[in-house]
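**Q** What follows is a structure written as structure tokens; I'll ask about it next.
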Amino acid sequence: MKLLKLITIVAVISLFSFWLFSIAKCEYLTWQHEKEFLLPKEVSSMINGKASKKVLTYSRYQARVYYVSAGNTSGDIITYVLIDGKWIFSGWKTAWSKTGSADDFVWPYFR
């Protein structure tokens, strides 16, 4: 019984630590690169303005940015690619929506 309790505690602490590290990484990327990304006009009418923005991944040639729309009605992930020194819109996916038209998961978890 003690072994099961120890394994459970270690598992919970490990998952919590992984989650905290993911959030810290995302916050750091956002702090460092947030100004590089504007809301693309291709999706600005669907997203209806932004309430917040988080840089999920950032590499030499590609980045994924998570936008929460004004009024917290949806969460969208925009993919950008770097072409000739400029970040260009590459793709878009709605992760969640209050209307129920999308139901996905964003890691690290932000709502």
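The values are calculated or read from the model by the stated rules, or taken from the named source; none is laboratory data. Computed from a predicted model, the values in this text were never measured in an experiment. Quick reminder, even Gly has a Cβ in these numbers, built from the backbone with ideal geometry, and neighbours come from all protein chains shown.
**Q** Across the range 50-62, which residue is farthest from the chain's Cα centre (by Cα) among those that are in contact (Cβ under 8 Å) with a residue 24 or more places away in the chain and more than 11 Å from E34 (Cα to Cα)?
**A** Only one residue fits best here, namely Q62.
Quick grid of which residues meet (1) surrounded by 15 or more Cβ atoms within 10 Å (Cβ to Cβ); (2) at pLDDT 90 or above:
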site	(1), (2)
E36	no, yes
M46	no, no
S52	no, no
Y58	yes, yes
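**Q** Sticking with this one: Quick one: which of T8, T99 is surrounded by fewer than 17 Cβ atoms within 10 Å (Cβ to Cβ) and in a loop (DSSP other than H, G, I, E, B)?
**A** Testing whether each residue is surrounded by fewer than 17 Cβ atoms within 10 Å (Cβ to Cβ) and in a loop (DSSP other than H, G, I, E, B) leaves just T99.
**Q** Hey, among the residues in the range 34-49 that are in contact with a Phe, Trp or Tyr (Cβ under 7 Å, 6 or more places away or on another chain) and in a helix (DSSP H, G or I), which one's farthest from A95 (Cα to Cα)?
**A** Only one residue tops the list, namely E36.
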